[in-house]
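J.: Before we start, here is the structure in question, set down as structure tokens.
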Amino acid sequence: MPIPTYQDAMLPVLRALTGPDAISRRALAELMSEHFNLTADERAKLLPSGKAPVILSRVGWALSYMKQAGVVSSPKRGWYVLTDRGREILKSGLPKLDAAYLQRYPEFMEFRARSKPNAGEEENEATSPASTVASLALTPEEALEEAYGRLRRDLESELLDTVKTVTPQFFERLVIDLLVQMGYGGSREEAARAVGKSGDGGIDGVIDEDRLGLDVIYIQAKRWEGSVGRPEIQKFAGALQGQRAKKGIFITTSYFTKDAEDYAQRIESRIVLIDGRRLASLMFDANVGVSPRGAYTVKSIDGDYFEEA
């Protein structure tokens, strides 16, 4: 069974709180993992940010919404108990509990009103709580991360298309800029002097692995459209052997064949293959060829701050 949405988790969470004692959010997430028969991989699956398990996030949002509706209460941070209103819901035999149902409670509607993007915005089918909350399978946090992921994928695709249009000389400089931003090569000037200086077949440049120059990495940078096959990797590996080098990076704007990837894994020299997609992703992370337009910080309540001494 797939990981439940935060709304699908509401009623099972409510049923799990029928005992006399408060239960922690993490314990409830474990109970929901059992209830929905989640596999080990599903239980371990993290949010795109990598900061929390998906099931823990969804149970947390289910509890948050039910708390706003007065269905559950929290006697202390991270622990929950059933309220009289929650018991009434369970006694009614309600088959499904979701955000649309919670809108019958004034406390929840007040919460929704407070959380609307624009308090004066006229409601319509696209902006009403019934359509925005009840129909969402993702938690707000997940929806934000998914939107960010779409923006990132679109920009990386556009970035790669742009890189494919530059000259080979510019592409080599771009590669050095990227590696310097990632911590290789010391200063930009030192790294730049290494580009194209080796003159050895199959090698486009050399860069220090660290700022002290304790080891070097040989670079092959190809702005290609077609696939890069095993012969090109063999040529690069041979050039490394000629330099008595064991580390190299082969970067291309296209992609590597399976045969090329397998060969790079088998040989003694350590050759890292970076295709166009990974190149765009690395450039995005290092802010090479892109610039930040805006930043959004997701915050949560600092429970420690409100702890009484």
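Where a number appears in this text, it was derived from the coordinates with a stated rule and is not lab data. Owing to the predicted nature of the structure, the values given are computational and were not obtained by experimental measurement. Cβ coordinates were reconstructed from backbone atoms using ideal geometry, including for glycine residues, and neighbour counts include every protein chain displayed.
J.: Return the subset of Lys247/Lys299; Lys45/Lys164; Lys67/Lys299 for which the Cα-Cα distance in this structure is over 30 Å, preserving the input order.
T.: Lys247/Lys299; Lys45/Lys164
J.: With a sphere of radius 12 Å drawn around the Cβ of Ser269, what net charge do the other residues whose Cβ falls strictly inside it have (Lys, Arg +1; Asp, Glu -1)?
T.: Spelling it out: positives minus negatives among the neighbours equals +4.
J.: In nm, to one decimal, how far is the modelled label at Gln265 from the one at Leu151, with both set 7 Å along Cα→Cβ?
T.: Each label point is offset 7 Å from its Cα along the Cβ direction, giving 3.6 nm.
J.: Compute the distance from the alpha-carbon center of region 1-17 to that of region 228-263, in whole Å.
T.: One Cα centre to the other: 50 Å.
J.: Show me, for region 48-63, the HN-Hα J-couplings you get by feeding each phi into the Karplus relation (A = 6.51, B = -1.76, C = 1.60, θ = phi - 60°), rounded to Hz, glycine and proline as x.
T.: Working through the residues one at a time gives x, 6, x, 8, 7, x, 4, 5, 5, 5, 6, 5, x, 6, 4, 5 Hz.
J.: Here's another thing I want to ask about it. If amide H atoms are built 1.01 Å from N in the plane of the peptide, which residues on other chains or at least 5 residues away come under 5 Å of the amide H of Val228?
T.: The list, which skips near neighbours in sequence, is Tyr255, Phe256, Thr257.
J.: From the phi angles alone, apply the Karplus equation (6.51, -1.76, 1.60; θ = phi - 60°) to region 2-13 and give each ³J(HN,Hα) in whole Hz, x where the residue is Gly or Pro.
T.: Each residue of region 2-13 in turn: x, 4, x, 6, 5, 6, 5, 7, 4, 5, x, 5 Hz.
J.: Now for a separate question. Using the beta-carbon distance between Arg293 and Lys164 and R0 = 25 Å, what value does 1/(1 + (r/R0)^6) give for FRET efficiency, to the nearest 0.05?
T.: Once the sixth-power term is evaluated, E becomes 0.65.
J.: Testing the spin-label approximation: label points 7 Å from Cα along Cα→Cβ at Ala40 and Phe284. State their distance in nm.
T.: Here the modelled spin labels are 3.1 nm apart.
J.: Compute the length gained on full extension between Arg26 and Gln181: take 0.36 nm times their separation in residues and subtract their Cα-Cα distance, giving the result in nm to one decimal.
T.: Full-extension gain reported as 51.9 nm.
J.: Then there's this: Using θ = phi - 60° and the Karplus curve 6.51 cos²θ - 1.76 cosθ + 1.60, what whole-Hz ³J(HN,Hα) does each residue of region 82-95 get, with Gly and Pro shown as x?
T.: The phi angles translate into 7, 9, 4, 5, x, 5, 5, 4, 5, 5, 6, x, 4, x Hz.
J.: Evaluate the distance, in nm, between pseudo-label points positioned 7 Å from the Cα of Ser74 and of Ile301 along their respective Cα→Cβ axes.
T.: Reported label-point gap for Ser74 and Ile301 is 0.4 nm.
J.: Contour minus end-to-end for Lys96 and Leu214, with contour as 0.36 nm per residue of separation and end-to-end as the Cα-Cα distance?
T.: 36.1 nm
J.: While we're on this one: Out of residues 5 or more away from Gly205 or on other chains, whose amide H comes under 5 Å of its own, with H placed 1.01 Å from N in the peptide plane?
T.: Residues meeting the amide H criterion: Gly196, Ile219.
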